[in-house]
Protein chains: 6
Amino acid sequence: MKRTLKSQTDLVPLLAFGAHPDDLEFACGGVVAKEVLLGRPVNFVICSRGEAGSHGTPKQRVAEAKKSAKLLGASLEFIELDGDAHLEIKSGHAIKLARIVRRVKPGIVLGPTVVENQHPDHWRLGCLVRDAARLARYGGVKELRNAAPHAIQQLLFYAVTPEAEPSDVTPVFIDVSGPEIAAAWTAAMRMHSSQTVARAYVELQLARARANGLRAGVDHAIALFPGNPFLLDSLAPLSRGARGF
Amino acid sequence: MKRTLKSQTDLVPLLAFGAHPDDLEFACGGVVAKEVLLGRPVNFVICSRGEAGSHGTPKQRVAEAKKSAKLLGASLEFIELDGDAHLEIKSGHAIKLARIVRRVKPGIVLGPTVVENQHPDHWRLGCLVRDAARLARYGGVKELRNAAPHAIQQLLFYAVTPEAEPSDVTPVFIDVSGPEIAAAWTAAMRMHSSQTVARAYVELQLARARANGLRAGVDHAIALFPGNPFLLDSLAPLSRGARGF
Amino acid sequence: MKRTLKSQTDLVPLLAFGAHPDDLEFACGGVVAKEVLLGRPVNFVICSRGEAGSHGTPKQRVAEAKKSAKLLGASLEFIELDGDAHLEIKSGHAIKLARIVRRVKPGIVLGPTVVENQHPDHWRLGCLVRDAARLARYGGVKELRNAAPHAIQQLLFYAVTPEAEPSDVTPVFIDVSGPEIAAAWTAAMRMHSSQTVARAYVELQLARARANGLRAGVDHAIALFPGNPFLLDSLAPLSRGARGF
Amino acid sequence: MKRTLKSQTDLVPLLAFGAHPDDLEFACGGVVAKEVLLGRPVNFVICSRGEAGSHGTPKQRVAEAKKSAKLLGASLEFIELDGDAHLEIKSGHAIKLARIVRRVKPGIVLGPTVVENQHPDHWRLGCLVRDAARLARYGGVKELRNAAPHAIQQLLFYAVTPEAEPSDVTPVFIDVSGPEIAAAWTAAMRMHSSQTVARAYVELQLARARANGLRAGVDHAIALFPGNPFLLDSLAPLSRGARGF
Amino acid sequence: MKRTLKSQTDLVPLLAFGAHPDDLEFACGGVVAKEVLLGRPVNFVICSRGEAGSHGTPKQRVAEAKKSAKLLGASLEFIELDGDAHLEIKSGHAIKLARIVRRVKPGIVLGPTVVENQHPDHWRLGCLVRDAARLARYGGVKELRNAAPHAIQQLLFYAVTPEAEPSDVTPVFIDVSGPEIAAAWTAAMRMHSSQTVARAYVELQLARARANGLRAGVDHAIALFPGNPFLLDSLAPLSRGARGF
Amino acid sequence: MKRTLKSQTDLVPLLAFGAHPDDLEFACGGVVAKEVLLGRPVNFVICSRGEAGSHGTPKQRVAEAKKSAKLLGASLEFIELDGDAHLEIKSGHAIKLARIVRRVKPGIVLGPTVVENQHPDHWRLGCLVRDAARLARYGGVKELRNAAPHAIQQLLFYAVTPEAEPSDVTPVFIDVSGPEIAAAWTAAMRMHSSQTVARAYVELQLARARANGLRAGVDHAIALFPGNPFLLDSLAPLSRGARGF
């Protein structure tokens, strides 16, 4: 995904946290493709090497993630927390993520939803990201003193699978229609070939995006779940709605 | 409220339905003031003359509504449904509202929330507005055949009082800060002097907007409740969030 | 859809109410196809001729419904309530539906969900069906005295569109995998050609069923929403779950 | 409880986790009695010796659990996590439970609901069981490599007390009517005499089951709460519903 | 039930609306018995003669209600709305109930919950009562002009059956322990012998009250569901809680 | 705040836990002021020195808390858990809090709500307090054996900020009107001058209490959220409701 000529200085970075090497691509790769196309810097932070999965070695999975992030045009870093399928909610983890927030200075942060009935690492990472977004702003956290506090503007959650969609939050649909976006997203998902051989993940995500798109009157749309109410200057940004039926 | 020089053709009209002559001003007058200031045409449709209220005659209340709409820069029309405190949910009412939707051709429609624990006319009108927004789009409704179908883009609900705020919809906060907006909104509420003499309505609304504003890091904000998920082209409109604490 | 040789006397009838001529096929045609295949008598009751829709004449739509019901192997009758897009909740309507319940004597009844943010006729019919299922059981309803009271065993709601899915009821997924079922369902939907030319309804329903199926580890599944808790004799029927991820 | 002659090979085992020696009997002993009667192997895993309770020594309570499990016809094992009233959510605990899942290879797993407003050990064990059911399926979890991955079919939660019943999950009622079941369940509860001397636990559970039964039109029923939507082959298993009123 | 010597002037009347002749006794007869014992005047308003029920003639049922109200010490009046199983939500009905509110001038009003999955008359009456409580307060309702506006202090909903209990409102438990209360409540329920011969209604209600009582640490308790948050002068009234487990 | 002459023996102590030195004053200082005025002993337990905050040193903040508690008439103690912004949910912490519960023997306990979308320390402390209230009652917890078990009567949660208000619990409003209460509460909040210089915390809390008060028909009210249903002897305490609109 090449960035457009539009100056990047207009767009504060997007920081996206994933528990496993393929979560971001499957859950919201189309949104990432679109943001990069629009000129926004995107940073991926992956918190395990997928070593507990049924398919693929950590080495393969890291390689897949690197190729995929490159294809999408996102930067990529791996961090160590407790390892795949072992994640726990510890204040030290949240502080580690907060340090990254202070370094990257994102406007928008993406993390997995906090719905508990999904892969245990997903919702726990979502909790840690939510806490990290706050800790990044608190001036007195001693472990973070060497970086200036940073207040993000928005926290958005993504749902890797259907059961991870919260029922008590109104989603926002991001239009990811258009052949360029579709191609980039699909290619990024397929890069994770160790996963796609075993399960119809690509088809699942496209079916979800297609159902959302049909509901909203566009080709494909990805649902994200806001961590806080949106603050808008006027009604103008609301000039389209998911009112297909 | 004078419109800015910005061409109105950029902005499709806003159509706002109120059950009583003062509901729109109290619930979302600040949003109206801002939209008018930004150049959007705003149409008020009031569905009773407030004749069941404890204070003010219908004649007084109509006069107050006219002065207030003029001050805000909104057009105003009164329609007859079942009368104040007598509103029922009938398909004929929804069709009547749908006819107005087809005539005004709004992008965004405002109506009261459908939370049932509030003034009986409020939630019933909300239901009728929600249905009307669909009926306006269906080509074969016989009573509507003399006007072309119209699909609105967004339905937003407003909460006249705190208990009318739905707990299962994520609100969107509209920033209504700034002395010009505050002055217009407050003046519009005070125009309804038959109501404000008896109850501290103005103070209630300002306290709510102030609490929302403090939560979101601005002076004042009004919460609206989307009828459907928002569809956005990218994450850019989400560059501010209600993350004050 | 031909019935299997299995005796029909084993299976009490399924009674399915639809507000418009195509609702049942789009929402749960796959379930109907499967039940007929398993030998269960299925009765469709359609409560309008779709005369308010944007596409198709009432005559065309009735013809489409007849062909589709025949293809699926369901009986079909049309009843008059208030007409398409004009449905209201009246006790007389519920009694009319209750009379059909007493005549057909179904074990399971299907109706649209009562989620209000959908076509106004859908949720209102859902409410009427829910009430009718109770009225059919009350011995003293004077208009129903010429038919013996009948207690249904289950009320299940279907969601014609995604926004009609309730968020506070746990769905049950019916496995509609298999080429025979898929072919019958798709053909039944396509019979409603006046509707499918205008909107990608078929694709929407297949995308939803595919996403459910992938979630549950089968090809396709349709979600239904129980009106009451299930009563089971043992855990045996629960030997499969939607645990794909 | 003697097993019926029906071959056990038809029925995959039921694996039930309890935080304390009496939780399973009080919450769902009637279901266990019925499953054993139907020929299903049932395995109890108890995660403390009840040493923090107000009544009974660990030794007494272990003895009570042994007698009760024997009476019900379930196998029984005790494991050590953090001790009664000290349970924490740790990935090591979930892995320990997952190892048992891989060993027992159950179709259905029972654990306490994850509603947090109950005994702290209950909901924490529910979370651990839910996570364990997933971990048992992931092929790469290093601590589990010596046992083959196992995918359970259903996770069902039980509510030890009324406040542990989740409000956002539709329960399934299991019919536990019949003198044989009632006698076995009641006897199993009474085996925990160190607990029943102090509190009217037996009466509470019978009152709950009686209210459920009356609602569903049977003598007694126990509500279980599904962890995931049920997947069914047809509507046939739904031929009874809790539609008593 | 004889009133205590305590002056009735201390206690504003309780006004209880029931859809059928036996609803109040079954749902909250214990609360009524206790209030009467404490000296509060209680007024029953019954909105049908139960003519659609499976058992009992209208004449029998009216007689049963009269005997039961007398036994409890409540006044009783019957009003006509649309008849049993025919109730509709009409503004005229709400106004009729509001007129009674203005006449009786109650502090607390009781009506059935507005949960829709129950007898159709129950939730509709609940909606009408809720609206009536507001209309009674609005000074300009023309049909009510001959009676002074009256603002009630509390609206409490009762659940005739378990499925009528709302899941999104925190109940308040009223302690109805004690032999005198139990005897009066049970006797009042049994007065409705046309109903109790057919169904185990008395046992259902006692089982529910017993389960609530055990949860709360008392003999029996009845759950009521507040229509609005309670306003208290201090924490003192909260000195007991349903914290049995 | 001077206690009234009323005997303290009438009122069991109130025990209030705060995560940071200012949380109790901002969230519910008005309630504390009123309870002290009515003669109830109030004990503050603060679980950090606010050392991670953006403003104020731990020394300053402890001094502010001492002055504020003295002004309100509450006793004050600081305890060490994991430190500000580092709090984790550990059984040892809950036991530590339970030990305090056994020592103070409160009737009512206050803690922050368990809504997770707020300062990470707030909801974690809320969870710990909820668990501690149970552990205090269990006779066999070995670490607590040197103090007699104590069963509290009520657990009430407070919301430090608007987003901490739970949407699924019906609040109770405590009337904190009156110049004496207002003055004490405002002064107590202002004592935390290290915090109030940076953020409009005082104005936020007064706006919230004013909006609640207007809704309920009094000057100011603070919403608290019950941990369990209230158990009441009769309807008498419910003689006021938040029915302002």
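Assorted remarks:
- Across identical copies of the chain, F:PRO179 has label-point separations of 3.2, 5.6, 7.8, 7.8, 8.9 nm, listed in ascending order, with the point defined 7 angstrom from Cα along Cα→Cβ.
- Proxy reagent accessibility, fewest Cβ within 10 Å first, across A:PHE17, B:PHE245: B:PHE245, A:PHE17
- Gaussian network model of chain D, Cα within-10 Å springs - most flexible of D:GLY56, D:GLY126, D:GLY18: D:GLY56
- Within-11-Å neighbourhood charge of D:ASP121 [Cβ basis; K, R +1; D, E -1]: -3
- Rounded to the nearest 20 debye, the dipole magnitude of segment C:119-245 is 200 debye, with +1 charges on Lys and Arg beta carbons, -1 on Asp and Glu beta carbons, and the Cα centre as origin.
- Among residues of chain F, the one whose beta-carbon sits closest to the F-to-C rotation axis is listed with its distance in Å as F:ASP168, 6.
- For E:GLY39, inter-copy label distances in nm, listed shortest first [label point 7 Å out on the Cα-Cβ vector]: 2.1, 6.9, 7.2, 7.2, 7.8
- Among A:ARG210, A:ARG124, A:ARG199, the largest mean-square fluctuation in a Gaussian network model of chain A (Cα springs under 10 Å) belongs to A:ARG199.
- Positive minus negative residues near F:VAL45 (Lys, Arg vs Asp, Glu; Cβ under 12 Å): 0
- Evaluated with a Cβ-only charge set (Lys, Arg +1; Asp, Glu -1), the protein assembly as shown carries a dipole of roughly 0 debye about its Cα centre, given to the nearest 20.
- Take each residue in E:79-86, count the other chain C-beta atoms within 10 Å of its C-beta, and the mean is 4.
- Cβ crowding within 10 Å ranks A:CYS47, A:CYS127 as A:CYS127, A:CYS47, fewest other Cβ atoms first.
- Charged neighbours of C:ALA211, selected by a Cβ distance under 10 Å, balance to +4 (K, R count +1; D, E count -1).
- The convex hull drawn around the Cα atoms of segment D:8-89, when projected onto a plane and averaged over every direction, covers 5.5 nm².
- If only the Cβ of Lys and Arg carry +1 and only the Cβ of Asp and Glu carry -1, the dipole of segment B:21-102 around its Cα centre is close to 360 debye.
- The distance linking segment D:61-128 with segment E:113-190 is 43 Å (Cα centroid to Cα centroid, whole angstrom).
- Proxy reagent accessibility, fewest Cβ within 10 Å first, across C:THR113, B:THR57: B:THR57, C:THR113
- Peptide F:130-143 shows a mean partner chain C-beta count of 5 within 10 Å per residue C-beta.
- Taken along the Cα-to-beta-carbon direction at a fixed 7 Å, the label points for D:LYS142 and C:GLU180 span 5.1 nm.
- Considering only E:ALA216, E:ALA133, E:ALA159, the mean-square fluctuation computed in a Gaussian network model of chain E, springs between alpha carbons under 10 angstrom, is largest for E:ALA216.
- Remark: mean inter-chain Cβ contacts per residue of F:220-230 equal 6, using a 10 Å Cβ-Cβ cutoff to other protein chain atoms.
- Restricting attention to chain F, close to 25% of DSSP beta bridges with both partner residues there are antiparallel.
- Per-copy distances of the D:LYS67 label point, shortest first, in nm (7 angstrom along Cα→Cβ): 4.8, 6.5, 6.5, 7.4, 8.5
- Cα convex hull volume per residue for segment C:104-245 (Å³): 158 Å³
FYI, it's all coordinate maths here, none of it is from the lab. Here the structure is a predicted model, which is why all the values come from computation and not from measurement. Glycine also receives a Cβ, built like all others from the backbone with ideal geometry; neighbour counts cover every protein chain displayed.
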